[in-house]
1. How many angstrom lie between the C-alpha centres of region 251-292 and region 132-169?
2. Of the heavy-atom accessible surface of region 1-87 (probe 1.4 angstrom), what whole percent is carbon and sulfur?
3. What are the semi-axes of the equivalent ellipsoid of the chain, taken as the square roots of 5 times the eigenvalues of the Cα gyration tensor, listed largest first and rounded to whole Å?
4. Take the chain, connect every pair of alpha-carbon atoms lying under 10 Å apart with a spring to form a Gaussian network, then pick out the residue of TYR158, TYR190, TYR167 with the largest mean-square fluctuation.
5. How long, wide and thick is region 64-115, going by the Cα atoms along their three principal axes, in whole angstroms, largest first?
6. If you line up the long axis of helix 15-26 against the longest principal axis of the chain, both from Cα atoms, how many degrees apart are they, to the nearest 10?
7. Report P(r) for region 121-243: all Cα-Cα distances, bin width 5 Å, range 0 to the bin holding the largest distance, values in whole percent.
8. Each residue of region 137-154 in turn: what ³J(HN,Hα) in whole Hz from Karplus with 6.51, -1.76, 1.60 and θ = phi - 60°, glycine and Pro shown as x?
Amino acid sequence: MHEKILVTGPFGQIGSELVPKLQERYGKENVVALGHRHIPDDFQGSLETGDVRDMDEMKKLFDKYGFTQVYHLASLLSAVGEKKPELAWDVNVNGLKIFLDICSERNIKLFWASSIAVFGPTSPMENTPQHTILEPTSIYGITKVTGELLCKYYHERYGLDVRSLRYPGLISWKEEPGGGTTDYAVEIFYEAIEEGKYTCFVSQETKLPMMYMDDAVRGTLMLMEAEPDDITIRMSYNHAALSFTAKELEEEIRKHIPELRVDYVPDERQNIADTWPDTIDDSTARKDWGWDHEFDLPNMTKEMIANLKRKMAK
Ligand code: SER
(Lines give C-alpha, C1' and ligand atoms only; values in the text may rest on other atoms or scores of the structure.)
Protein backbone atom coordinates (compact mmCIF):
# COMPACT_ATOMS: atom_id res chain seq x y z
CA MET A 1 0.00 0.00 0.00
CA HIS A 2 1.12 3.52 -0.76
CA GLU A 3 1.91 5.22 2.55
CA LYS A 4 1.78 8.90 3.39
CA ILE A 5 3.26 9.59 6.80
CA LEU A 6 3.09 12.52 9.19
CA VAL A 7 5.68 12.96 11.94
CA THR A 8 5.12 15.50 14.71
CA GLY A 9 8.12 16.50 16.80
CA PRO A 10 10.29 15.56 13.79
CA PHE A 11 13.32 17.52 14.99
CA GLY A 12 13.36 16.29 18.57
CA GLN A 13 15.63 13.59 19.90
CA ILE A 14 13.60 10.69 18.46
CA GLY A 15 12.15 12.42 15.40
CA SER A 16 15.50 13.51 14.01
CA GLU A 17 16.52 9.85 13.75
CA LEU A 18 13.14 8.35 12.91
CA VAL A 19 12.39 10.71 10.00
CA PRO A 20 15.45 9.71 7.90
CA LYS A 21 14.63 6.02 8.48
CA LEU A 22 11.03 6.58 7.35
CA GLN A 23 12.25 8.56 4.33
CA GLU A 24 14.53 5.66 3.34
CA ARG A 25 11.73 3.17 3.68
CA TYR A 26 8.81 5.09 2.17
CA GLY A 27 10.45 7.76 0.01
CA LYS A 28 11.26 11.36 0.95
CA GLU A 29 8.12 12.73 -0.69
CA ASN A 30 5.92 10.47 1.45
CA VAL A 31 7.12 11.61 4.86
CA VAL A 32 5.91 15.00 6.07
CA ALA A 33 7.73 16.60 9.01
CA LEU A 34 5.51 18.90 11.06
CA GLY A 35 7.88 21.35 12.67
CA HIS A 36 7.02 23.97 15.25
CA ARG A 37 9.70 26.44 16.31
CA HIS A 38 13.09 24.90 15.73
CA ILE A 39 13.60 23.86 12.09
CA PRO A 40 17.15 22.75 11.24
CA ASP A 41 18.63 24.57 8.23
CA ASP A 42 19.87 21.37 6.67
CA PHE A 43 16.57 19.47 6.76
CA GLN A 44 15.86 17.73 3.49
CA GLY A 45 12.34 16.56 2.92
CA SER A 46 8.74 17.54 3.00
CA LEU A 47 8.14 20.18 5.67
CA GLU A 48 5.12 21.86 7.23
CA THR A 49 4.91 24.02 10.31
CA GLY A 50 2.04 24.14 12.75
CA ASP A 51 0.77 23.66 16.26
CA VAL A 52 -0.41 20.18 17.27
CA ARG A 53 -2.93 21.78 19.65
CA ASP A 54 -4.82 23.45 16.82
CA MET A 55 -7.54 21.10 15.56
CA ASP A 56 -8.49 23.21 12.50
CA GLU A 57 -4.91 23.58 11.41
CA MET A 58 -4.31 19.85 11.83
CA LYS A 59 -7.46 18.90 9.91
CA LYS A 60 -6.34 21.08 6.99
CA LEU A 61 -2.99 19.32 6.98
CA PHE A 62 -4.69 15.91 6.91
CA ASP A 63 -6.97 17.09 4.08
CA LYS A 64 -3.98 18.27 2.10
CA TYR A 65 -1.93 15.05 2.32
CA GLY A 66 -4.33 12.17 3.07
CA PHE A 67 -2.00 10.57 5.61
CA THR A 68 -2.13 6.81 6.18
CA GLN A 69 0.12 6.79 9.27
CA VAL A 70 1.03 9.29 11.96
CA TYR A 71 3.96 9.24 14.38
CA HIS A 72 2.92 11.71 17.06
CA LEU A 73 6.12 12.48 18.97
CA ALA A 74 5.60 16.15 19.90
CA SER A 75 5.77 16.27 23.69
CA LEU A 76 7.24 18.11 26.67
CA LEU A 77 9.63 15.95 28.71
CA SER A 78 9.68 15.41 32.47
CA ALA A 79 12.00 18.12 33.81
CA VAL A 80 10.65 20.89 31.59
CA GLY A 81 7.13 19.64 32.37
CA GLU A 82 7.66 20.41 36.07
CA LYS A 83 8.59 23.97 35.10
CA LYS A 84 5.59 24.35 32.77
CA PRO A 85 2.86 21.97 33.97
CA GLU A 86 0.04 23.69 32.08
CA LEU A 87 1.89 23.61 28.80
CA ALA A 88 2.85 19.96 29.43
CA TRP A 89 -0.83 19.06 29.83
CA ASP A 90 -1.84 21.11 26.82
CA VAL A 91 0.73 19.62 24.43
CA ASN A 92 0.88 16.08 25.82
CA VAL A 93 -2.82 15.46 26.43
CA ASN A 94 -4.85 17.99 24.42
CA GLY A 95 -2.42 17.61 21.51
CA LEU A 96 -2.74 13.83 21.59
CA LYS A 97 -6.54 14.00 21.76
CA ILE A 98 -6.64 15.93 18.49
CA PHE A 99 -4.68 13.17 16.76
CA LEU A 100 -6.81 10.46 18.35
CA ASP A 101 -9.94 12.21 17.05
CA ILE A 102 -8.66 12.85 13.54
CA CYS A 103 -7.05 9.41 13.15
CA SER A 104 -10.09 7.53 14.38
CA GLU A 105 -12.43 9.53 12.11
CA ARG A 106 -10.22 8.85 9.10
CA ASN A 107 -9.02 5.35 9.95
CA ILE A 108 -5.32 6.26 10.19
CA LYS A 109 -2.72 4.18 12.01
CA LEU A 110 -1.26 6.18 14.90
CA PHE A 111 1.95 5.85 16.89
CA TRP A 112 2.30 7.74 20.14
CA ALA A 113 5.30 7.99 22.45
CA SER A 114 4.81 7.09 26.10
CA SER A 115 7.51 6.69 28.74
CA ILE A 116 8.77 4.89 31.84
CA ALA A 117 7.49 8.03 33.56
CA VAL A 118 4.06 6.35 33.79
CA PHE A 119 5.49 4.44 36.75
CA GLY A 120 5.80 5.96 40.17
CA PRO A 121 6.92 5.25 43.72
CA THR A 122 4.24 2.59 44.27
CA SER A 123 5.17 0.62 41.12
CA PRO A 124 7.55 -2.31 41.61
CA MET A 125 11.05 -0.95 40.96
CA GLU A 126 12.66 -4.15 39.68
CA ASN A 127 11.44 -5.86 36.52
CA THR A 128 8.42 -3.58 36.48
CA PRO A 129 5.61 -5.59 34.87
CA GLN A 130 3.57 -4.52 31.86
CA HIS A 131 0.41 -4.35 33.97
CA THR A 132 1.07 -2.75 37.32
CA ILE A 133 0.30 0.21 39.56
CA LEU A 134 0.59 3.51 37.66
CA GLU A 135 0.72 6.36 40.15
CA PRO A 136 3.30 8.78 38.75
CA THR A 137 4.16 11.93 40.66
CA SER A 138 5.43 14.12 37.80
CA ILE A 139 3.01 16.03 35.58
CA TYR A 140 4.80 14.43 32.64
CA GLY A 141 4.04 10.96 33.99
CA ILE A 142 0.43 11.97 34.65
CA THR A 143 0.05 13.17 31.05
CA LYS A 144 1.50 9.88 29.78
CA VAL A 145 -0.83 7.70 31.88
CA THR A 146 -3.77 9.81 30.72
CA GLY A 147 -2.61 9.51 27.13
CA GLU A 148 -2.25 5.74 27.41
CA LEU A 149 -5.76 5.39 28.78
CA LEU A 150 -7.09 7.58 25.98
CA CYS A 151 -5.31 5.43 23.39
CA LYS A 152 -6.89 2.28 24.80
CA TYR A 153 -10.28 3.95 24.94
CA TYR A 154 -10.10 5.05 21.30
CA HIS A 155 -9.00 1.60 20.25
CA GLU A 156 -11.83 -0.12 22.09
CA ARG A 157 -14.54 2.41 21.36
CA TYR A 158 -13.70 3.49 17.79
CA GLY A 159 -11.42 0.70 16.56
CA LEU A 160 -8.46 3.06 16.18
CA ASP A 161 -5.21 1.24 15.34
CA VAL A 162 -3.06 3.06 17.88
CA ARG A 163 0.29 1.72 19.02
CA SER A 164 2.66 3.02 21.64
CA LEU A 165 5.93 2.40 23.49
CA ARG A 166 7.02 3.31 27.00
CA TYR A 167 10.46 4.52 26.03
CA PRO A 168 13.21 4.35 28.61
CA GLY A 169 15.92 7.05 28.71
CA LEU A 170 17.15 7.34 25.14
CA ILE A 171 20.81 7.82 24.35
CA SER A 172 21.73 9.37 21.04
CA TRP A 173 24.35 11.56 19.41
CA LYS A 174 22.46 13.29 16.57
CA GLU A 175 20.10 15.47 18.58
CA GLU A 176 20.18 16.14 22.31
CA PRO A 177 17.09 15.49 24.43
CA GLY A 178 15.17 18.59 25.50
CA GLY A 179 14.56 18.72 29.23
CA GLY A 180 14.23 15.16 30.48
CA THR A 181 15.34 13.48 33.69
CA THR A 182 17.52 10.99 31.84
CA ASP A 183 19.43 13.72 29.94
CA TYR A 184 22.55 13.18 32.11
CA ALA A 185 23.17 9.91 30.28
CA VAL A 186 23.60 11.90 27.05
CA GLU A 187 25.23 15.06 28.46
CA ILE A 188 28.00 13.03 30.09
CA PHE A 189 29.23 11.92 26.65
CA TYR A 190 29.41 15.49 25.30
CA GLU A 191 31.18 16.81 28.37
CA ALA A 192 33.53 13.84 28.62
CA ILE A 193 34.72 14.42 25.07
CA GLU A 194 34.81 18.23 25.20
CA GLU A 195 35.93 18.87 28.78
CA GLY A 196 37.06 15.57 30.27
CA LYS A 197 34.73 16.27 33.19
CA TYR A 198 31.03 16.28 34.01
CA THR A 199 28.81 17.36 36.88
CA CYS A 200 25.98 14.87 37.01
CA PHE A 201 22.58 16.00 38.31
CA VAL A 202 21.62 12.63 39.78
CA SER A 203 23.50 10.57 42.37
CA GLN A 204 26.00 7.93 41.29
CA GLU A 205 23.81 5.03 42.43
CA THR A 206 20.80 6.24 40.39
CA LYS A 207 19.82 3.36 38.15
CA LEU A 208 17.35 3.77 35.29
CA PRO A 209 16.27 1.86 32.19
CA MET A 210 18.03 3.17 29.07
CA MET A 211 18.26 2.39 25.36
CA TYR A 212 20.47 3.37 22.44
CA MET A 213 18.52 5.35 19.83
CA ASP A 214 19.17 2.83 17.04
CA ASP A 215 17.31 0.23 19.07
CA ALA A 216 14.51 2.65 19.91
CA VAL A 217 13.94 3.55 16.26
CA ARG A 218 14.10 -0.09 15.18
CA GLY A 219 11.62 -1.06 17.90
CA THR A 220 9.26 1.72 16.85
CA LEU A 221 9.23 0.55 13.24
CA MET A 222 8.82 -3.10 14.31
CA LEU A 223 5.79 -2.20 16.37
CA MET A 224 4.23 -0.14 13.57
CA GLU A 225 4.81 -2.93 11.05
CA ALA A 226 3.45 -5.72 13.28
CA GLU A 227 0.19 -7.39 12.31
CA PRO A 228 -2.74 -5.77 14.16
CA ASP A 229 -3.77 -9.12 15.62
CA ASP A 230 -0.37 -9.49 17.29
CA ILE A 231 -0.81 -6.25 19.24
CA THR A 232 -2.24 -7.16 22.63
CA ILE A 233 -1.42 -3.88 24.37
CA ARG A 234 -3.31 -0.74 23.36
CA MET A 235 -2.07 1.35 26.24
CA SER A 236 1.69 1.28 25.73
CA TYR A 237 4.29 -1.48 25.64
CA ASN A 238 7.08 -1.71 28.19
CA HIS A 239 10.16 -1.33 25.98
CA ALA A 240 13.56 -2.07 27.49
CA ALA A 241 17.16 -2.71 26.59
CA LEU A 242 19.57 -2.05 29.45
CA SER A 243 19.76 -0.54 32.91
CA PHE A 244 22.82 0.97 34.54
CA THR A 245 23.72 3.34 37.34
CA ALA A 246 25.25 6.73 36.60
CA LYS A 247 28.51 5.40 38.10
CA GLU A 248 28.50 2.36 35.81
CA LEU A 249 28.10 4.66 32.82
CA GLU A 250 30.96 6.86 34.06
CA GLU A 251 33.20 3.79 34.39
CA GLU A 252 32.35 2.55 30.93
CA ILE A 253 33.12 5.94 29.38
CA ARG A 254 36.39 6.10 31.32
CA LYS A 255 37.58 3.02 29.42
CA HIS A 256 37.70 5.32 26.37
CA ILE A 257 38.46 8.63 28.08
CA PRO A 258 40.75 7.76 31.03
CA GLU A 259 41.05 11.35 32.30
CA LEU A 260 37.26 11.68 32.83
CA ARG A 261 36.25 13.19 36.19
CA VAL A 262 32.62 13.13 37.30
CA ASP A 263 31.07 14.96 40.27
CA TYR A 264 27.60 14.11 41.47
CA VAL A 265 25.44 17.06 42.50
CA PRO A 266 21.81 15.91 42.52
CA ASP A 267 19.18 18.56 41.82
CA GLU A 268 15.38 18.44 41.66
CA ARG A 269 15.54 15.90 38.84
CA GLN A 270 16.78 13.35 41.38
CA ASN A 271 13.28 13.37 42.89
CA ILE A 272 11.78 12.28 39.58
CA ALA A 273 14.51 9.70 38.93
CA ASP A 274 13.90 8.15 42.36
CA THR A 275 10.29 7.36 41.46
CA TRP A 276 11.12 5.55 38.20
CA PRO A 277 11.99 1.85 37.95
CA ASP A 278 15.49 0.38 37.91
CA THR A 279 14.61 -2.34 35.41
CA ILE A 280 11.61 -3.05 33.20
CA ASP A 281 9.99 -6.33 32.15
CA ASP A 282 9.31 -6.00 28.44
CA SER A 283 8.55 -9.66 27.77
CA THR A 284 5.13 -8.81 26.27
CA ALA A 285 6.77 -6.75 23.50
CA ARG A 286 9.28 -9.56 22.93
CA LYS A 287 6.51 -12.15 22.70
CA ASP A 288 3.94 -10.13 20.70
CA TRP A 289 6.09 -8.63 17.95
CA GLY A 290 9.56 -10.05 18.41
CA TRP A 291 11.24 -7.10 20.12
CA ASP A 292 14.93 -7.71 20.86
CA HIS A 293 17.54 -5.07 21.62
CA GLU A 294 21.00 -5.09 20.05
CA PHE A 295 23.07 -2.59 22.01
CA ASP A 296 24.53 -3.31 25.44
CA LEU A 297 26.40 -0.74 27.55
CA PRO A 298 29.89 -1.35 26.05
CA ASN A 299 28.65 -1.26 22.44
CA MET A 300 26.50 1.77 22.99
CA THR A 301 29.34 3.65 24.69
CA LYS A 302 31.75 2.82 21.87
CA GLU A 303 29.25 3.96 19.22
CA MET A 304 28.36 7.16 21.09
CA ILE A 305 31.97 8.22 21.50
CA ALA A 306 32.97 7.43 17.92
CA ASN A 307 29.95 9.23 16.44
CA LEU A 308 30.17 12.24 18.73
CA LYS A 309 33.89 12.69 18.04
CA ARG A 310 33.18 12.61 14.33
CA LYS A 311 30.30 15.08 14.72
CA MET A 312 32.28 17.49 16.90
CA ALA A 313 35.25 17.44 14.55
CA LYS A 314 33.08 18.91 11.78
N1 SER B 1 13.69 10.64 28.89
C2 SER B 1 12.42 11.06 29.37
C3 SER B 1 12.56 12.06 30.44
O4 SER B 1 13.52 11.96 31.15
C5 SER B 1 11.65 9.88 29.88
O6 SER B 1 10.59 9.66 29.09
O7 SER B 1 11.73 12.89 30.60
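1. Cα centroid to Cα centroid, the span is 22 Å.
2. 49 percent
3. Its equivalent ellipsoid spans semi-axes of 31, 22, 18 Å.
4. TYR158
5. 36, 18, 17
6. 50 degrees
7. That works out to 2, 9, 16, 20, 20, 15, 9, 5, 3, 1, 0, in percent per bin.
8. Whole-Hz 3J(HN,Hα) from phi for region 137-154: 10, 8, 4, 4, x, 5, 5, 6, 5, 4, x, 4, 5, 5, 4, 5, 4, 5.
The values are calculated or read from the model by the stated rules, or taken from the named source; none is laboratory data. Everything numeric in this text was worked out from a predicted model, so none of it was measured. Here Cβ is always computed from backbone atoms with ideal geometry, including for glycine, and neighbour counts include all displayed protein chains. Keep in mind that these areas ignore ligands, DNA and RNA; they rest on the heavy atoms of the full protein, side chains included. Shrake-Rupley method; radii C 1.70, N 1.55, O 1.52, S 1.80 Å.
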